[in-house]
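Asks: Structure below; questions to follow.
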Amino acid sequence: MFTRKNFTYITLFLMLFVLGACSNEEPNKQNNIDQNIIIGVDKDISSIDPHGSNDSASRQVRRNIYETLIYQNPDLEIEPMLATEFKQLGPTEWNFKLRENTVFHSGQEFTAEDVKASLERGLDPTVASSSSFMYEMIERIDIVNNHEINIHTSYPFAPLTANLAYNTSSIMSKTSIDKDYAQAIEKAGLDITVDEYYKLRDKKDEEFGEVSKQMGEYIGEFIQKNPDGTNHLKFVSRTNGDNIKLTKFEAFNNGEREFKDVTYRVIPEPSSRVSELEVDGVDIINALDVSEINLLEDSDHSKVATKDSVRTTYLGFNTKKAPFDDKNIRLAISYVINRDDIVNGILEGVGTKATTPLAKNVFGYDDSIEGIDYDIGKAKEYMSKSSMPNGFKTTVWINEDPQINSTALYIQEELKELNIEMEIRNYEYAALFEELQKGEHDMFILGWSTVTADADYIFNALFESTSITEANNRTNFDNEAFDNVIRDARKEMDPEIRLDLYKTAQEIILEESPAAFIYNNQFAIGINTDKLDRVEVDASGDIRLETLKLKK
């Protein structure tokens, strides 16, 4: 018999069925659309090989493919990653316990062998990594067991954990490393095995030097096409100058991710990136300048995320070339630059003026140091004592960054106060570095991010005399007292003593002025708020996808 009670049950059943169908349908729609993230970036990557380059564009992509032993969160705090625990056993020995049940994108199990192979490759002269200075103190790596290693350094090295948290310390599978060497050996026409190559590398004799020279041009070619990491995204494809495609690594075991495919689209023109964000062509964009920040902050569909950076923009002098071999001229130029005008005018307050090479959130920064600021009286005094008191003609080399171009134009006007006529020469981003490496420049404007948040990184790379041949020390600064201080600082394990040493190092830099430090950037990214939530930018300018959430 059909009753009102039966009718009620049937009605409830139909309602649940319809709701169930809708609830099943909506997530599928969400999965098909919202889980695919497109990021508009200003520059193409140089290398997907962690040892192949040290540029910000490459780091941004690689950080999602590879993991490091230790992780630096967006607030610059050190946390475990592939190493679940780490401690110092003695002045020159560190122990790392490694994460278990972890596999590479290739499906191979992660073990201590992969850590040893990756770090040794970063030190290999054949690879010739521009970041090898960060690990040159590593003497040997002992494998304790499958998931534990001990790292021995040739001297006490305080910033070791900070350096191991950086992207160039990424861990690759030993299998991919072996295949990369094997391919290089074959292309070089050498009659040796990979194991025989490793034995030669350990000896570092004349025979190794010859083998290394022949293999060098082929190193990295396999890894460029077959990157094998353990992080949440794995490589799909790359179209040079246009895009790089990654997809979710389903076997990732270090946290949940809501997205599926991630595409980095190269969009060099800032206004084009903003337009793409506004019409949903991309979901996130990087490298916002002031005008774009203002535009997006007025939008109902997007927002801006910012972070005080570890980056310092500076005017570098070629200290080995007249007239910049004269300290008085360097100081005169440094004092004639009105940093407040640049920060408030060109940056519109999105940044702070620099007093020393170090940003305020870098270990070693000392707020008691006054630094060099605008003082036209001092500028003219130093100029009058210089080798060119009546002025001269010179050039400054810059890249295509709009803020750097505006900064150069401003400095060009300021230098007229000293009767210095400065020509601005613009170069495409990569071409500028190639030209600077030749050492024929007068001055240049660049930025440097102290990505480890430790002063050793910037002092070693930009100003230590041993880095002149590595092309990072483009000022050609060579000062024995400075070298000695920073070498003592990196060996000192007491943080308070290290801070005192870095204060002395900064005072030497300001006194000698191989560069004029102009401003510390604030990094900003644009986010599609209709689709995404909890996207962060870190102090190095990297978009942090690990925190990303999708709007439901």
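The numbers here are math on the coordinates, done by the rules we state, and not lab data. Since the model is a prediction, treat every value here as computed from it, not as a measurement. Glycine also receives a Cβ, built like all others from the backbone with ideal geometry; neighbour counts cover every protein chain displayed.
Asks: Can you figure out the FRET efficiency of Ser299 with Lys248, using R₀ = 25 Å and their beta-carbon distance, to the nearest 0.05?
Replies: Computed FRET efficiency for Ser299 and Lys248 comes out at 0.30.
Asks: Based on alpha-carbon positions alone, could you give the equivalent ellipsoid semi-axes of segment 270-335 from the gyration tensor, as √(5λ), descending, whole Å?
Replies: With the √(5λ) rule applied to segment 270-335, the semi-axes are 41, 12, 10 Å.
Asks: Right, here's the next one. Once the convex hull of the alpha carbons of segment 77-216 is built, what does its volume come to per residue, in cubic angstrom?
Replies: Dividing the Cα hull volume of segment 77-216 by its residue count gives 118 Å³.
Asks: With a cut-off of 8 Å between alpha carbons and a minimum separation of six or more residues, what is the relative contact order of segment 75-118 in percent?
Replies: Answer for segment 75-118 is 24 percent.
Asks: Roughly how tilted is helix 402-414, in degrees to the nearest 10 and between 0 and 90, from the longest Cα axis of the chain?
Replies: Compared with the principal axis, the helix lies near 20 degrees.
Asks: Per q in 0.15, 0.16 Å⁻¹, report the Debye log10 I(q)/I(0) for segment 481-547, using one uniform scatterer on each alpha carbon and no solvent.
Replies: Computed log10 I(q)/I(0) values: -0.71, -0.74.
Asks: Let's see if you can work this out: charge +1 on each Lys and Arg Cβ, -1 on each Asp and Glu Cβ, no other charges. What is the dipole magnitude of segment 28-130 about its Cα centre, in debye to the nearest 20?
Replies: That gives segment 28-130 a dipole magnitude of about 140 debye.
Asks: Let me ask something else about it. If you take all C-alpha pairs in the chain, what percent of them are over 32 Å apart?
Replies: 50 percent
Asks: In terms of modelled amide H atoms, which long-range or inter-chain residues lie less than 5 Å from the amide H of Asp261?
Replies: Asn36, Ile37, Lys248
Asks: Let me ask something else about it. Would you work out the relative contact order for the chain, in percent, from Cα pairs under 8 angstrom that are 6 or more residues apart?
Replies: 18 percent
Asks: Here's another thing I want to ask about it. Could you tell me which of Asn150, Met137, Thr168 has its Cα farthest along the dipole of segment 107-245 towards the positive end, charges placed at Cβ (Lys, Arg +1; Asp, Glu -1), taken about the Cα centre?
Replies: The listed residue farthest towards the positive side: Thr168.
Asks: Something else about it: Calculate the dipole size of segment 241-283 relative to its Cα centre from +1 charges on Lys and Arg beta carbons and -1 charges on Asp and Glu beta carbons; express the result in debye to the nearest 20.
Replies: 200 debye
Asks: Cα convex hull of segment 407-535: how many Å³ per residue?
Replies: That works out to 176 Å³ per residue.
Asks: Separate question: Longer than 28 Å from Cα to Cα, which of Lys378/Lys503; Lys179/Lys234; Lys320/Lys378; Lys213/Lys327 are they? Say none if no pair is.
Replies: Lys213/Lys327
Asks: Pull out the extension gain between Asn361 and Glu428, defined as 0.36 nm times the separation in residues minus the alpha carbon to alpha carbon distance; nm, one decimal.
Replies: Extra length from Asn361 to Glu428 when fully extended: 21.1 nm.
Asks: Here's another thing I want to ask about it. Stokes-Einstein diffusion coefficient for segment 454-508 at 20 °C in a medium of 1.002 mPa s, Rh from the Kirkwood formula over Cα pairs: what value in µm²/s?
Replies: Translational D for this selection: 193 µm²/s.
Asks: If you find the alpha carbon centre of segment 381-444 and of segment 216-285, how far apart are they in angstrom?
Replies: About 36 Å separates the Cα centre of segment 381-444 from the one of segment 216-285.
Asks: With +1 on each Lys and Arg Cβ and -1 on each Asp and Glu Cβ, and nothing else charged, work out how big the dipole of segment 111-238 is about its Cα centre, in Debye to the nearest 20.
Replies: Once rounded to the nearest 20, the dipole reads 500 debye.
Asks: Using +1 at the C-beta of Lys and Arg and -1 at the C-beta of Asp and Glu, which of Thr68, Ser53, Gln35 has the Cα lying farthest in the positive direction of the dipole of segment 29-98?
Replies: Positive-most Cα among the choices belongs to Gln35.
Asks: Quote to one decimal, in nm, the extra length available between Glu496 and Asn344 on full extension: 0.36 nm per residue of separation minus the C-alpha distance between them.
Replies: 51.3 nm
Asks: Another one. What is the packing order of peptides 95-104, 294-303, taking the mean over residues of other C-beta atoms within 10 Å and listing the highest first?
Replies: 95-104, 294-303
Asks: Let me ask something else. Roughly how many nanometres apart are two label points built 7 Å out from the Cα toward the Cβ at Tyr198 and Ser387?
Replies: 5.3 nm
Asks: Can you tell me how segment 48-114 classifies by the Cα gyration tensor, rounded, prolate or oblate, using a/c under 1.5 as the rounded cut?
Replies: Judged from the Cα gyration tensor, segment 48-114 comes out oblate (a/c at least 1.5, b/c at or above a/b).
Asks: Here's something else I'd like to know. Output needed for segment 179-232: three equivalent-ellipsoid semi-axes, defined as square roots of 5 times the C-alpha gyration tensor eigenvalues, in descending order, whole Å.
Replies: The equivalent ellipsoid of segment 179-232 has semi-axes of 22, 13, 9 Å.
Asks: Still on this structure: Taking every pair of alpha-carbon atoms in segment 313-459, give the share separated by more than 24 Å as a whole percent.
Replies: Summing the P(r) tail past 24 Å for segment 313-459 gives 34 percent.
Asks: Kindly rank 170-177, 425-432 from highest to lowest mean number of other beta carbons found within 10 Å of each residue.
Replies: 170-177, 425-432
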